[in-house]
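The values are calculated or read from the model by the stated rules, or taken from the named source; none is laboratory data. Computed from a predicted model, the values in this text were never measured in an experiment. Methodologically, a virtual Cβ is constructed for each residue, glycine included, from the backbone with ideal geometry; neighbour enumeration extends over all protein chains shown.
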Amino acid sequence: MYTLPRVVDDAEKWSQLRDKLKMLRLKSLQVNPEAFSSTYAEEVKFSNEVWEKRMTNPLALHLIAVERFSKTESDLPAEEISALLSGDWLGVLVLIGPKEDGTVSLHPSRSPGVSSSSKPSLSSPIDRENASMPVYELNAVFVVPEVRGLGLGKKLVDTITQLGISSAKSQGFRAIRLQVRVDADNQPARMLYRSGGYVECKVETLASKEKEKDGVKIPSTMKTCIVMERLEELS
Ligand SMILES: CC(C)(COP(=O)(O)OP(=O)(O)OC[C@H]1O[C@@H](n2cnc3c(N)ncnc32)[C@H](O)[C@@H]1OP(=O)(O)O)[C@@H](O)C(=O)NCCC(=O)NCCS
């Protein structure tokens, strides 16, 4: 598991990392279009600048699962960039935060036509009074189909959760809310996050208005998603 650096001095290596990220993300949108809020058709048109903006976003941490050819960790390239460039990318998970709960949109990138409304809570042991707690949001998890069911998704979730906790500690936060939105129909993802200690706490209905794109009418859609959270007290 390696995190993507936000700055790389070597322009050639930087472009290679960008292209690998782009390929994996586009693959996820092609293979599992139902799991994500944007589409392959939209993102395939993104310029290099847009992909690089994602990579340099100071609030975003990209965790990448890289194919390992050797059985021992010590045989891996010691340097993060060499490791990222030398193996196939098998999975990704993005952590975005810290965001201030309640004051910053959790989905600033979501298109303006999308609105959300909350339904009453599912069973939740989470203290709802901690409304101003910083939020770290987990986004866009994807494992390539060839290696699913082998524990890679779980490793991505566990690793990024620990990275979020470390980042929050180093910034002096006393408690954080780790959060993820999962499509209600996406059982594998719901089970994955449950196994990582996330609790289903809220149902949201996301409604997108009818829109027109390249002269084609795209009908309005309704999606039900589950907000899953893990509350961490940091002492
Ligand atoms: C969800 C996803 C990342 C899981 O990755 P994975 O590497 O197969 O997951 P793991 O092997 O680490 O499994 C971890 C846990 O997830 C659950 N899980 C994974 N696949 C599952 C499936 N097909 N059905 C039910 N539960 C499943 C299990 O609880 C499993 O724990 P267990 O092995 O103790 O039973 C993968 O299926 C995927 O990329 N799906 C498409 C993208 C997607 O849906 N993203 C979610 C966006 S919110």
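A few points about this structure:
Residues checked against (1) out of contact with any Lys or Arg (no Cβ under 6 Å at 6 or more places or on another chain); (2) more than 10 Å from the ligand (Cβ to nearest atom); (3) within 20 Å of E34 (Cα to Cα); (4) at pLDDT 95 or above:
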| position | (1), (2), (3), (4) |
| --- | --- |
| Y136 | yes, yes, no, yes |
| V144 | yes, no, yes, yes |
| G151 | yes, no, no, yes |
| Q187 | yes, no, yes, yes |
| M191 | yes, no, yes, yes |
| V199 | yes, yes, no, yes |
| V203 | no, yes, yes, yes |
| K211 | yes, yes, yes, no |
| D214 | yes, yes, no, no |
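- Condition check for I226 on (1) more than 8 Å from the ligand (Cβ to nearest atom); (2) surrounded by fewer than 19 Cβ atoms within 10 Å (Cβ to Cβ); (3) within 21 Å of S28 (Cα to Cα); (4) among the β-branched types (V, I, T): one failure, at (2).
- Annotation note: Cβ proximity below 7 Å between a residue of the stretch 167-190 that is free of Cβ contacts under 8 Å to residues at least 40 places away in the same chain and a residue that is away from the ligand (no atom under 11 Å from the Cβ) and assigned to a loop (DSSP other than H, G, I, E, B) (sequence gap 6+ or interchain) occurs for no pair.
- Qualifying residue in the stretch 153-161 (condition: within 16 Å of the ligand (Cβ to nearest atom), closer than 19 Å to T56 by Cα and modelled with pLDDT of 50 or more): yes
Every residue, every condition in (1) out of contact with any Phe, Trp or Tyr (no Cβ under 9 Å at 6 or more places or on another chain); (2) at pLDDT below 95; (3) of a type outside the set (F, W, Y), yes or no:
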{"residue": "R18", "(1), (2), (3)": "no, no, yes"}
{"residue": "F36", "(1), (2), (3)": "no, yes, no"}
{"residue": "K71", "(1), (2), (3)": "yes, yes, yes"}
{"residue": "W89", "(1), (2), (3)": "yes, no, no"}
{"residue": "E100", "(1), (2), (3)": "yes, yes, yes"}
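- Residues being away from the ligand (no atom under 16 Å from the Cβ) and free of Cβ contacts under 8 Å to residues at least 40 places away in the same chain are represented in the stretch 20-34 by at least one member.
- Here G149 qualifies as within 18 Å of V31 (Cα to Cα) and out of contact with any Phe, Trp or Tyr (no Cβ under 7 Å at 6 or more places or on another chain).
Yes or no, residue by residue, for (1) within 25 Å of V147 (Cα to Cα); (2) hydrophobic (A, V, I, L, M, F, W, C):
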| site | (1), (2) |
| --- | --- |
| K20 | yes, no |
| L29 | yes, yes |
| E43 | yes, no |
| W51 | no, yes |
| T56 | no, no |
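- R190 being surrounded by 16 or more Cβ atoms within 10 Å (Cβ to Cβ), part of a strand (DSSP E or B) and on the phi < 0 side of the Ramachandran plot: no
- Flag for K155 being among the charged types (D, E, K, R) and either in contact with a Gly (Cβ under 9 Å, 6 or more places away or on another chain) or part of a helix (DSSP H, G or I) (or both): yes
- The stretch 1-59: number of residues that are exposed (fewer than 13 other Cβ atoms within 10 Å of the Cβ), assigned to a loop (DSSP other than H, G, I, E, B) and more than 18 Å from the chain's Cα centre (by Cα): 6
- Criterion violated by V50 - all others in (1) at pLDDT 90 or above; (2) closer than 21 Å to A189 by Cβ satisfied: (2)
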